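The values are calculated or read from the model by the stated rules, or taken from the named source; none is laboratory data. Fair warning: this is a prediction, and the values are worked out from it, not measured in the lab. When we count neighbours, we look across all protein chains shown, and the Cβ atoms used for this are built from the backbone with ideal geometry, even at glycine. Heads up: the accessible areas ignore ligands, DNA and RNA and are worked out on the full protein's heavy atoms, side chains in. Shrake-Rupley method; radii C 1.70, N 1.55, O 1.52, S 1.80 Å.
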Amino acid sequence: GVLNTAAAELGAELVPDPVREKRLRQYLTAQGIDCRLAAYYDQAGHLRLELEGAGLVPLRTEEGTAKLSKLVNFPLRAVEEGRRDRLVLVQSEPLMAVAGVAAKKKDGQTVSGDTGAWFKHDDGSLYVLLCDGMGSGSLAEQESALAVRLLEQFLRAGVRPENALRTLNSALALRNDEAAGGFTTIDLLRVDLFTGKGALFKLGAAPTYVRHEGRTRKLTGQTLPAGLAVGQGVKPDVLPLELTAGDWLVMAS
């Protein structure tokens, strides 16, 4: 599944933008910056700029990014790649998410068995993960932390949520068979910050609550926690949703 998805993405046609590329080249030449440049739209139709060469430092500043944004008439943000000779700028998302966390350990325990994380992908997707290791204390914490770490690595690498969850479920089930671990619930939220559309993916997770214009609705799944069953028939609950400015979404364990 991962390879098929990657093949489809590699085979997809990227749409160049010669007008914006020419405008950027003229600006860079005037600034004395000699670099290779590509301006194109990705599979989702969002503008992406890739620059490679020496002298990119002035473009990495807030002022430099703002000038490039004005030139292409799109808000841009830099994608950190850890290379001084390469700069990638992508179209900035119109929506922003603010996250808050509250946690409580079980009475008598020194650690919580729950683990959470959130991050934004380069394509403008926001991911929020919440896993509840079965049981309590350090063993439960180890299981939930492992699930979050593996799931985050899959998603950051571009693996689709359904494929990532199936793979993770199989890995946890194998650990169960070898008596090396237990099982964990998985609650995964993906939201496109360009459109507000997304979905909740659940494996045995608690209900999620969405607050919109003063009304609250409850989203509930039916599947078992990850690691209890294995096979092609194991699929997460997928609950589509669409968020707008001012909405609240509460995930709980």
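The one condition from (1) surrounded by 15 or more Cβ atoms within 10 Å (Cβ to Cβ); (2) over 30 Å from Pro58 (Cα atoms) that Val88 does not meet is (2). Here Leu68 meets each of (1) out of contact with any Phe, Trp or Tyr (no Cβ under 9 Å at 6 or more places or on another chain); (2) surrounded by 15 or more Cβ atoms within 10 Å (Cβ to Cβ); (3) assigned to a helix (DSSP H, G or I) with one exception, condition (1).
Among the residues of the range 28-47 satisfying the criterion of being open to solvent by 50 Å² or more (accessible area, probe 1.4 Å) and touching a residue at least 12 places away in the same chain (Cβ under 8 Å), which is nearest to Gln91 (Cα to Cα)? Before you say what the answer is, go through the steps one by one.
Quick first cut of the range 28-47, residues open to solvent by 50 Å² or more (accessible area, probe 1.4 Å) only: 29-32, 34, 36, 43-44.
This time we only want the ones that are touching a residue at least 12 places away in the same chain (Cβ under 8 Å), so: 31-32, 34, 36, 43-44.
On the way: Gln31: 22, Gly32: 25, Asp34: 23, Arg36: 19, Gln43: 13, Ala44: 11 Å.
My answer is Ala44.
Each residue in the range 109-167 was checked for being of a type outside the set (Phe, Trp, Tyr), part of a strand (DSSP E or B) and either in contact with a helix residue (DSSP H, G or I) (Cβ under 8 Å, 6 or more places away or on another chain) or open to solvent by 30 Å² or more (accessible area, probe 1.4 Å) (or both), and 11 of them qualify. Exactly one residue out of Gly196, Gly246 is at positive phi and open to solvent by 30 Å² or more (accessible area, probe 1.4 Å): that is Gly246.
For the subset of the range 220-236 comprising residues that are surrounded by 17 or more Cβ atoms within 10 Å (Cβ to Cβ), at negative phi and not β-branched (Val, Ile, Thr), which member is modelled with the lowest pLDDT? In this case the residue turns out to be Leu228. Here Arg156, Arg166 are screened, and the one residue that is in contact with a strand residue (DSSP E or B) (Cβ under 8 Å, 6 or more places away or on another chain) and either modelled with pLDDT of 80 or more or acidic (Asp, Glu) (or both) is Arg156. Here is a check on your reading of the model: is Thr29 under 29 Å from the mean Cα position of the chain (by Cα) and part of a helix (DSSP H, G or I)? So Thr29 fails the test.
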